[in-house]
Amino acid sequence: MAKLPITATTPPTVLAIYEHYERTRGDWRRAHLGASQIGKPCDRALWYLFRWASAPQFDGRMLRLFDTGQREEARLIADLRAIGVEVYEIDESTGQQFRVSAHGGHFGGSLDGAGRGFRESSQWHVLEFKTSNAKRFEELKKHGVE
């Protein structure tokens with residue numbers, strides 16, 4: 001996906017917003033290798049990330065896009081509930097998101113939820129929400145995911 005360049009004509013307000021996201025970014029370190037990271041083709045890059053030897057680099061624009069995705073989760077859950085889908089987003093035993101882990105906790109991830117009562121199936125489904133622009137979505141439909 002092409003990254004929009006920040007240029008001399010980028011409005012100062014937009015730059016300030018991006019800088020805010022960079023300044024307020026939380027701690028990136030985890031005690032586990034996250035499920036969203038394991039698809040990287042380079043084992044060395046994964047090892048460095050797992051051992052905190054290299055930090056993932058995201059500019060303010062990308063951090064803001066990640067935040068947009070997080071905010072959209074609540075809307076999607078509300079939409080599913082509005083049409084009668086039974087949705088659980090919190091593990092009642094922990095009060096947190098549902099978590100999965102393996103290999104002594106060295107690998108793990110969280111689920112956006114679990115749901116059943118979809119029009120297509122009455123089975124339980126894992127819920128994982130992602131946002132994307134139209135161009136990227138067309139690429140996903142055409143090529144799928146690995």
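Among the numbered criteria (1) in contact (Cβ under 8 Å) with a residue 24 or more places away in the chain; (2) under 27 Å from Leu140 (Cα atoms); (3) not aliphatic (A, V, I, L, M), which single criterion is violated by His20?
(2)
Kindly indicate whether Gly69 is open to solvent by less than 90 Å² (accessible area, probe 1.4 Å) and on the phi > 0 side of the Ramachandran plot.
no
Could you check the stretch 100-121 and list, in sequence order, the residues that are at pLDDT 90 or above and not aliphatic (A, V, I, L, M)?
Asp112, Gly113, Gly115, Arg116, Gly117, Phe118, Arg119, Glu120, Ser121
Just to be sure before I move on: is Arg81 closer than 30 Å to Val14 by Cβ, among the charged types (D, E, K, R) and at pLDDT 90 or above in the structure I sent?
Criteria not met by Arg81.
Take the stretch 35-90 and flag every residue that is touching a strand residue (DSSP E or B) at 6+ places or on another chain (Cβ under 6 Å) and not β-branched (Val, Ile, Thr).
Residues satisfying the conditions are Ala35, Phe50, Leu80, Arg81, Glu86, Tyr88, Glu89.
Would you confirm whether any residue within the stretch 87-102 is under 25 Å from Glu22 (Cβ atoms) and in contact (Cβ under 8 Å) with a residue 40 or more places away in the chain?
no
Among the listed residues Arg116, Arg51, identify the single one that is of a type in the set (Lys, Arg) and surrounded by 11 or more Cβ atoms within 10 Å (Cβ to Cβ).
Matching residue, one of Arg116, Arg51: Arg116.
When you scan the stretch 87-109, do you find a residue that is over 21 Å from Ala35 (Cβ atoms) and either basic (Lys, Arg) or touching a His at 6+ places or on another chain (Cβ under 9 Å) (or both), even just one?
Checked the stretch 87-109: no residue is over 21 Å from Ala35 (Cβ atoms) and either basic (Lys, Arg) or touching a His at 6+ places or on another chain (Cβ under 9 Å) (or both).
In this structure, is Glu22 among the acidic types (Asp, Glu), within 30 Å of Gln123 (Cα to Cα), at pLDDT 90 or above and surrounded by 13 or more Cβ atoms within 10 Å (Cβ to Cβ)?
So Glu22 fails the test.
Can you work out which of the residues in the stretch 34-57 that are free of Cβ contacts under 8 Å to residues at least 40 places away in the same chain and in a helix (DSSP H, G or I) is nearest to the chain's Cα centre (by Cα)?
Gln37
For the list (1) touching a helix residue (DSSP H, G or I) at 6+ places or on another chain (Cβ under 7 Å); (2) open to solvent by 60 Å² or more (accessible area, probe 1.4 Å); (3) acidic (Asp, Glu), I need the number of the one condition that Asp59 fails.
Unmet for Asp59, out of (1) touching a helix residue (DSSP H, G or I) at 6+ places or on another chain (Cβ under 7 Å); (2) open to solvent by 60 Å² or more (accessible area, probe 1.4 Å); (3) acidic (Asp, Glu): (2).
Tell me which residues, restricted to the stretch 100-113, are farther than 24 Å from Arg71 by Cβ and either open to solvent by 80 Å² or more (accessible area, probe 1.4 Å) or aliphatic (A, V, I, L, M) (or both).
Correct list: Ser101, Ala102, His103, Gly104, His106.
When residues of the stretch 86-99 are filtered for being assigned to a loop (DSSP other than H, G, I, E, B) and surrounded by 15 or more Cβ atoms within 10 Å (Cβ to Cβ), how many remain?
Adding up the residues that qualify gives 1.
The values are calculated or read from the model by the stated rules, or taken from the named source; none is laboratory data. Nothing here was measured: the structure is a model prediction, and the numbers come from that model. FYI the Cβ positions are ideal-geometry reconstructions off the backbone, even for glycines, and counts take in every protein chain you see. Accessible surface areas use protein heavy atoms only, side chains included; no ligands, DNA or RNA. Shrake-Rupley method; radii C 1.70, N 1.55, O 1.52, S 1.80 Å.
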